[in-house]
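Visitor: Here you go, one structure.
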Amino acid sequence: MSSRVRVLNATHVLPDQEQPAAYSPPPLSDDGVVKLSFMDALFVDRVMPMRRLFFYEGPGVPPFPYVVRSLRSSLAVVLAVFSPLAGKLSDRVRRRRRRGLLTDEVAREILRTVAPSLPVVKSPSPSSSLPADQRRRTFLLSADEIQSLKRRIVAQTEAMGGQLDTHPSTYVAVFSLMWMSIVRAKSMHPADDAYFLVAVDFRRRVGLPVDNRYFGNCVVPCVARAAAGDLCDDGAGLARAAAAILAAIRAQQQEEDDGDPVRGMERWVESWRAVPSRERLTVTASSNRFMAYETDFGWGAPSRVELMSLFARELVMLLGATDGGVQVTVTLCPEHMDGFESHLQRLSGRGDEA
């Protein structure tokens with residue numbers, strides 16, 4: 001059964017200039033321009049920013065008009081503190097030499113890659129409907145299933161004569177399962193390479209310290225690559241998927257460890273362009289560390305949260321769920337979705353659809 005969301009109204013909220021903010025932000029430059037870093041440039045052409053749809057139920061939920069007024073007034077106060085969020089995007093990249101490299105040229109190169117149509121940027125659509133040639137499903141992996149995945153990755157790695165430096169994280173374990181299940185569902189030729197893009201938090205990985213008050217993007221895309229035949233191996237597929245993801249993260253981090261974050265972003269542009277076909281690429285977003293079910297606007301936790309930012313044809317998105325679980329939203333072509341669900345259920349042990 002399909003469901004639709006009807007948009008009743010769309011409102012642009014401006015900063016509240018009359019109510020004094022609890023925190024006075026530093027003044028902007030004379031021309032009021034805040035330059036985007038090359039990490040910010042990665043997200044310029046997203047059709048939708050990261051959007052979440054929250055569902056509430058129960059006697060403690062206020063009337064809907066009150067909820068709307070409360071959210072509008074709260075956002076107006078927040079925008080007075082973080083005024084750049086109320087700004088407009090402009091293509092004004094300039095050349096600026098730093099440490100012997102043209103960092104702004106790196107930003108421009110990234111913009112050419114992710115947003116070739118600039119200065120025209122697509123506006124977000126209020127509609128959440130999927131194209132006719134895509135399917136979307138949401139699954140829930142329990143904490144026990146995730147722990148089982150981690151143990152299997154370790155066991156498969158040791159069976160191949162390898163050894164992990166650290167125990168696999170939930171992020172790596174879940175994405176390894178998703179990548180393996182998608183490649184199996186697509187019936188790729190065993191010799192073809194599959195590609196898997198993950199965004200990694202680099203705030204504690206860059207050579208220069210990032211202040212806790214930093215407000216901006218500090219995530220780095222890493223493109224993992226593995227042969228489809230290796231990922232479809234029942235006895236080693238999970239371990240090989242995890243190894244490929246970890247290798248991509250380490251390769252990107254090496255540039256940062258060498259004190260050259262700009263070269264690290266240049267490496268990403270190179271790896272992105274090296275993908276021979278977007279049909280072989282799976283894109284990921286969000287993280288199990290984003291605990292959306294703990295969000296409380298004053299009327300309790302949501303009963304359901306759905307990620308609505310469907311910006312890629314083959315996409316996997318994570319959210320932290322209750323009791324240590326992970327909620328996974330997947331968009332795929334219709335001919336692959338049923339096969340994906342079947343492989344997911346078998347490989348995870350259960351993999352209930354949420």
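The values are calculated or read from the model by the stated rules, or taken from the named source; none is laboratory data. Being a predicted model, the structure only gives us computed values, none of them experimental. Don't worry about glycine lacking a Cβ; one is built from the backbone with ideal geometry, like all the others, and counts go over all protein chains shown. In case anyone asks, the SASA skips ligands and DNA or RNA and just uses the protein heavy atoms, side chains included. Shrake-Rupley method; radii C 1.70, N 1.55, O 1.52, S 1.80 Å.
Visitor: Would region 202-222 turn up any residue that is open to solvent by less than 10 Å² (accessible area, probe 1.4 Å), closer than 26 Å to SER37 by Cβ and modelled with pLDDT of 95 or more?
Guide: No: zero hits.
Visitor: Next up: Could you check region 298-339 and list, in sequence order, the residues that are part of a helix (DSSP H, G or I) and within 20 Å of the chain's Cα centre (by Cα)?
Guide: Once the filter is applied, which keeps residues that are part of a helix (DSSP H, G or I) and within 20 Å of the chain's Cα centre (by Cα), region 298-339 yields THR322, GLY324.
Visitor: Yes or no: SER287 open to solvent by less than 40 Å² (accessible area, probe 1.4 Å), under 23 Å from ALA191 (Cα atoms) and either at pLDDT below 90 or in contact with a Cys (Cβ under 8 Å, 6 or more places away or on another chain) (or both)?
Guide: no
Visitor: Here is a further query. Please go through region 155-194 and pick out each residue that is within 24 Å of ALA321 (Cα to Cα) and among the aliphatic types (A, V, I, L, M).
Guide: Of everything in region 155-194, those that are within 24 Å of ALA321 (Cα to Cα) and among the aliphatic types (A, V, I, L, M) turn out to be VAL172, ALA173, VAL174, LEU177, MET178, MET180, ILE182.
Visitor: When you check LEU130 against the structure, is it at pLDDT below 85, within 19 Å of the chain's Cα centre (by Cα) and open to solvent by less than 40 Å² (accessible area, probe 1.4 Å), yes or no?
Guide: In short, no.
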